[in-house]
Amino acid sequence: MAVKRVFCNVCGRAIEVRNGIMREDVFEAEKEWGYFSNKDTEIHKFNICEACYEEITSQFKIPVKVIKKTEVM
Ligand SMILES: [Zn+2]
């Protein structure tokens, strides 16, 4: 059984992955920076665990937009 590890970039904690499935849900970010940034041609990727996500987003001046899946369907 293949065991690969994903890390939370904020706290450094390992998130267990078994058979390509994360045993814990994480926030996965990927940003391809464009011409109007100082990071043109760079792609930035990071993961944030749920606990760190809560801590970071609770400091937002404007809260995260939350859409319930049942409202979309
Ligand atoms: Zn974390």
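Taking trypsin sites (Lys or Arg not before Pro) across the chain, the ones in a DSSP loop with at most 16 further Cβ atoms lying within 10 angstrom of their Cβ are R13, R23, K39, K61, K65, K68.
Average accessible surface for the chain: 91 Å² per residue, computed with a 1.4 Å probe over protein heavy atoms with every protein chain in place. Here the Debye sum runs over all C-alpha atoms of the chain as equal scatterers in vacuum, and log10 of I(q)/I(0) at q = 0.13, 0.27 Å⁻¹ comes out as -0.57, -1.11. Applying the criteria of a DSSP loop state and at most 12 other Cβ atoms within 10 Å to the chymotrypsin sites (Phe, Trp or Tyr not before Pro) of segment 13-73 yields Y35, F36, F60. Between F7 and D25, the simple spin-label model (points 7 angstrom out along Cα→Cβ) gives 2.5 nm. Looking at segment 4-53, the GluC sites (Glu not before Pro) that sit in a DSSP loop and have at most 11 other Cβ atoms within 10 Å of their own Cβ are E42. At a Cβ-Cβ separation cutoff of 4.7 angstrom, cysteine residues of the chain with no neighbouring cysteine are C11, C52. Evaluated over the chain, the count of Lys pairs having alpha-carbon atoms less than 28 Å apart is 15 (only pairs 8 or more residues apart or interchain).
The values are calculated or read from the model by the stated rules, or taken from the named source; none is laboratory data. Quantities reported herein were computed from a predicted structural model and do not represent experimental measurements. Note that each Cβ is placed from the backbone with ideal geometry, even for glycine, and that neighbours are counted across all protein chains shown. Remember, those area values only see protein heavy atoms, side chains included, never the ligands or the DNA or RNA. Shrake-Rupley method; radii C 1.70, N 1.55, O 1.52, S 1.80 Å.
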